[in-house]
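In what follows, a structure is listed as structure tokens, so that the remarks can point back to it.
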Amino acid sequence: MCFRIKVWIICGQGVMERQPIHVLVIPFPAQGHVAPLMKFSHKIVDHGINVTFVTTEFIHAKLTASMAVKSEEKSPIRLVSIPDGLEPGDDRKDTPKLMESIEKVMPGHLKDLIEKINQSNDDDQISCIIADTTVGWALEVAEKMGIKRASVWPAGPANLAFALHIPKLIEEGIIDIKGTPIENNLIWLSKDIPAWSSTILPWSCPGDSKTQKCFFESYAFKMNHYLRPCNWLLCNSFYELDSPACNLIPGIIPIGPLILGNQLGSHAGSFLPQDSTCLSWLEKQVVGSVIYVSFGSIATFSQQQFDELTLSLELISQPFLWVVRSDVIGGLNSEFLDGFRTRIVDRGKIVEWAPQEKVLAHPSIACFLSHCGWNSTLEGISMGVPFLCWPYYGDQFHNKSYICDVWKIGLGLNSDENGLITRHEIKTKIETLLSDDGIKINALKLKEIAKKSVTDGGSSFKNFKSFIEQIKH
Ligand code: UDP
């Protein structure tokens with residue numbers, strides 16, 4: 001359900017009605033992509049622009065199921081779905097299979113959808129497509145239909161700079177055409193950007209060569225190909241956070257951090273219902289005392305690593321709030337978790353999915369034990385929370401380098417000789433982090449810079465305003 005906004009402009013002698021602007025927003029079907037594009041959509045509708053938000057049928061079902069019915073009806077964003085080409089029971093965690101299917105069927109469905117919308121109402125034509133950079137084919141559909149197009153990069157600018165430099169890295173013999181580093185050296189784009197370890201590149205998937213190939217092709221060829229014809233290239237960051245990387249990307253428009261702020265939690269683009277009981281629990285905790293533990297929507301653990309984390313939380317004396325998704329390990333033992341819950345009941349809270357932004361903004365939070373996904377990173381920065389970094393894959397390792405070495409707002413965890421992050425390592429690092437006033441001060445300073453960038457006169461504020469003015473004309 002949606003409501004449409006008519007825009008009135010005062011012109012010379014009198015008032016005339018202007019056609020409403022209608023944009024179509026399309027994210028990659030994953031939590032870390034849908035959430036920021038949903039937040040972006042909220043910002044757009046706040047400027048009197050109609051938004052149709054297109055996801056796959058599979059994701060649409062998750063979004064609507066996690067959303068209160070009433071808030072869906074009230075939402076100014078129209079949610080629409082198209083098929084992803086897979087069967088209902090197919091495994092959508094099989095990224096190569098999902099991407100292959102999406103690229104095969106979704107361009108046709110998207111074109112049909114746009115034609116249908118445009119034919120249904122002369123006053124409500126789609127005038128711009130805003131597509132996640134990882135669904136570049138949507139930009140191609142827009143181009144063929146003569147519609148303006150913006151691409152939104154939902155991760156950090158340094159990663160985009162790296163992707164755009166891949167042809168040069170191949171040319172210079174630093175990596176081969178399959179993305180394999182020729183030598184075991186650090187890879188630098190500039191002296192002001194942390195180097196990439198040749199063993200952990202953004203497309204690295206140890207032990208899964210099929211997914212790695214799929215990621216590399218997407219990074220190396222598809223993104224470089226699809227970005228060329230787009231009218232705007234936006235990213236969820238702010239210039240002051242990473243000016244060296246932004247300066248390497250021609251035409252980049254940072255408009256972040258995209259934060260939901262006062263918008264309703266149910267509009268956050270969550271795939272799971274947010275358990276708000278943790279907010280009332282946080283109310284009862286001492287200011288600056290709680291360790292928030294969350295690893296985003298994808299990261300998984302071995303049983304041994306999960307047990308080690310559990311034991312570390314039992315060892316520390318601080319209260320903690322831990323997000324444990326049901327798929328965080330294969331065959332999560334609910335009896336074990338119930339036993340753990342009973343043992344830590346006086347100082348620990350476990351939820352399956354939290355209203356993360358609200359949690360991070362709560363005064364009781366002391367630090368964020370995080371996988372360093374880009375959204376979590378920006379959310380932690382926006383709330384001034386120090387990080388304990390536990391990256392899981394891809395760009396998260398590089399985000400960790402920024403957090404620890406560039407912004408100096410957190411510490412990293414080290415694994416032992418067997419690749420395990422031990423309970424003692426976690427305990428020690430939490431204690432070190434919580435007693436480090438320098439890190440706390442840096443985190444609060446960065447929070448202020450982030451806030452300034454999105455308030456009137458700030459860099460992201462101006463970029464966003466200018467983008468809105470351009471798509472309106
Ligand atoms: N998130 C949430 N509740 C949770 C855990 C995560 O709402 O309990 C949100 C979080 O705020 C972020 C997104 O899920 O916006 C995760 O994105 P991120 O890039 O951090 O990680 P990914 O899931 O892509 O690995």
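Data table
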item	result
Backbone N under 17 Å from the GLU425 label point (7 Å along Cα→Cβ), restricted to segment 385-400	388-394, 396-398, 400
Per-selection metrics, segment 236-306 (Cα): Rg and Dmax in Å	17.7, 48
Rh (Kirkwood; distinct C-alpha pairs) - segment 251-348, Å	15.8 Å
Kyte-Doolittle at least -1.0, axis length at least 15 Å by Cα - qualifying DSSP helices, the chain	31-45, 95-120, 303-315, 423-434, 437-454, 459-472
For the chain, accessible area per residue (1.4 Å probe, heavy atoms of protein chains only), Å²	44 Å²
Cα-Cα pairs of segment 356-447 separated by more than 23 Å (percent)	17 percent
Tail fraction, Cα-Cα pairs, segment 96-175, threshold 15 Å, whole percent	67 percent
Descending semi-axes in Å of segment 409-473, equivalent ellipsoid built from Cα gyration tensor	41, 17, 6
DSSP beta bridges in the chain [antiparallel fraction, %, rounded to 5]	15 percent
Cα pair distances of segment 28-69 binned at 10 Å [whole percent]	26, 54, 20
Amide H contacts of ILE175 (H built 1.01 Å from N, under 5 Å, at least 5 apart or other chain)	ILE170, ILE182
Spread of Cα-to-Cα distances over 5 Å intervals beginning at zero, given as percent, for segment 300-358	4, 17, 30, 28, 17, 5, 0
GluC sites (Glu not before Pro) lying in DSSP loop within segment 160-192, provided at most 12 other Cβ fall within 10 Å	GLU172, GLU183
Cα shape, segment 324-404, gyration tensor, a/c 1.5 rule	oblate
Accessible surface of the chain [probe 1.4 Å, protein heavy atoms]: carbon and sulfur percent	53 percent
Cross-link pairs beyond the 27 Å C-alpha cut-off, checked among LYS148/LYS358; LYS62/LYS427; LYS62/LYS451; LYS104/LYS213; LYS39/LYS213	LYS148/LYS358; LYS62/LYS427; LYS62/LYS451; LYS39/LYS213
Kirkwood-type radius of the chain, with distances r between different C-alpha atoms, in Å	23.3 Å
Segment 27-159 pair-distance distribution - Cα-Cα, 10 Å bins, rounded %	11, 43, 37, 9, 0
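The values are calculated or read from the model by the stated rules, or taken from the named source; none is laboratory data. None of the values given here were measured: they were computed from a predicted structure. So basically every Cβ, Gly included, is an ideal-geometry build from the backbone, and we count neighbours across all protein chains shown. Areas reflect the complete protein model, heavy atoms only, side chains present, ligands, DNA and RNA absent. Shrake-Rupley method; radii C 1.70, N 1.55, O 1.52, S 1.80 Å.
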